[in-house]
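What follows is one structure encoded as structure tokens, with my remarks underneath.
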Amino acid sequence: MVTSTIAVDAFLADSVAVADGKIYAQGAGWNVINTRVLPTAHDRIGIGIIVRVPYTSTNQLHRWELRLEGADGQQLPLGDNPAGEGKVRAIGGQFNVGRPPMLQPGDEQVVPFAMNVNGLPFEQAGAYRFVVSVDGSDVKELPFRVFLLPDPQPIIKMDD
């Protein structure tokens, strides 16, 4: 089937990296963060994104973006701005995939992206989602939940 639409696959992991055009992931495929205290900061969340660019969309500049939303759709910060004041509200960039001579009409090119967000704060338990957009359109959601675990109850043994 020939498509002219950019498609996106994505996943959550403990850590991700891109090398040699491939995504390497540790602890991939989860959708729950458990914590015993709130607010909390999660050590690391890896987001792996695979953009599938059809033949008809090569040799064009495209923009991508990743953002975090709460259950109400409100955009949440991903961390502190390393350049100074404020918070980082989205991660993104541009890409342009060429059309090498061996690419046939109908073929697609794959563009991998890997982001690791360290110390992401969560004020409350509930539903969250990472949203991936390409060229201004939301194309993928990665929903997950933060659960507050109850404190373990001590076991008290009584002498008979």
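The values are calculated or read from the model by the stated rules, or taken from the named source; none is laboratory data. Values in this document were obtained by computation on a predicted structure and should not be read as measured data. Every residue, glycine among them, receives a Cβ derived from its backbone with ideal geometry; neighbour counts consider all protein chains shown.
Tell me whether the range 91-104 contains one or more residues that are in contact with a helix residue (DSSP H, G or I) (Cβ under 9 Å, 6 or more places away or on another chain) and either of a type in the set (S, T, N, Q) or loosely packed, with under 12 Cβ neighbours inside 10 Å (or both). Yes: the range 91-104 contains one or more residues that are in contact with a helix residue (DSSP H, G or I) (Cβ under 9 Å, 6 or more places away or on another chain) and either of a type in the set (S, T, N, Q) or loosely packed, with under 12 Cβ neighbours inside 10 Å (or both). Might you let me know whether the range 132-141 holds any residue that is among the basic types (Lys, Arg) and under 22 Å from the mean Cα position of the chain (by Cα)? Yes.
As an exercise: evaluate Pro54 against (1) of a type outside the set (Asp, Glu); (2) over 16 Å from the mean Cα position of the chain (by Cα); (3) within 25 Å of Val146 (Cα to Cα) and give the number of the one condition it does not meet. Looking at each condition in turn, Pro54 falls short on (3). Scanning the range 50-78 for residues that are in a strand (DSSP E or B) and loosely packed, with under 15 Cβ neighbours inside 10 Å yields Leu61, Arg63, Gln75. Of the residues in the range 149-156, none is among the β-branched types (Val, Ile, Thr) and either surrounded by 12 or more Cβ atoms within 10 Å (Cβ to Cβ) or modelled with pLDDT of 95 or more (or both). Looking across the range 17-49 at every residue that is of a type in the set (Gly, Ala, Ser) and either surrounded by 15 or more Cβ atoms within 10 Å (Cβ to Cβ) or part of a strand (DSSP E or B) (or both), the one that is modelled with the lowest pLDDT is identified as Ala41.
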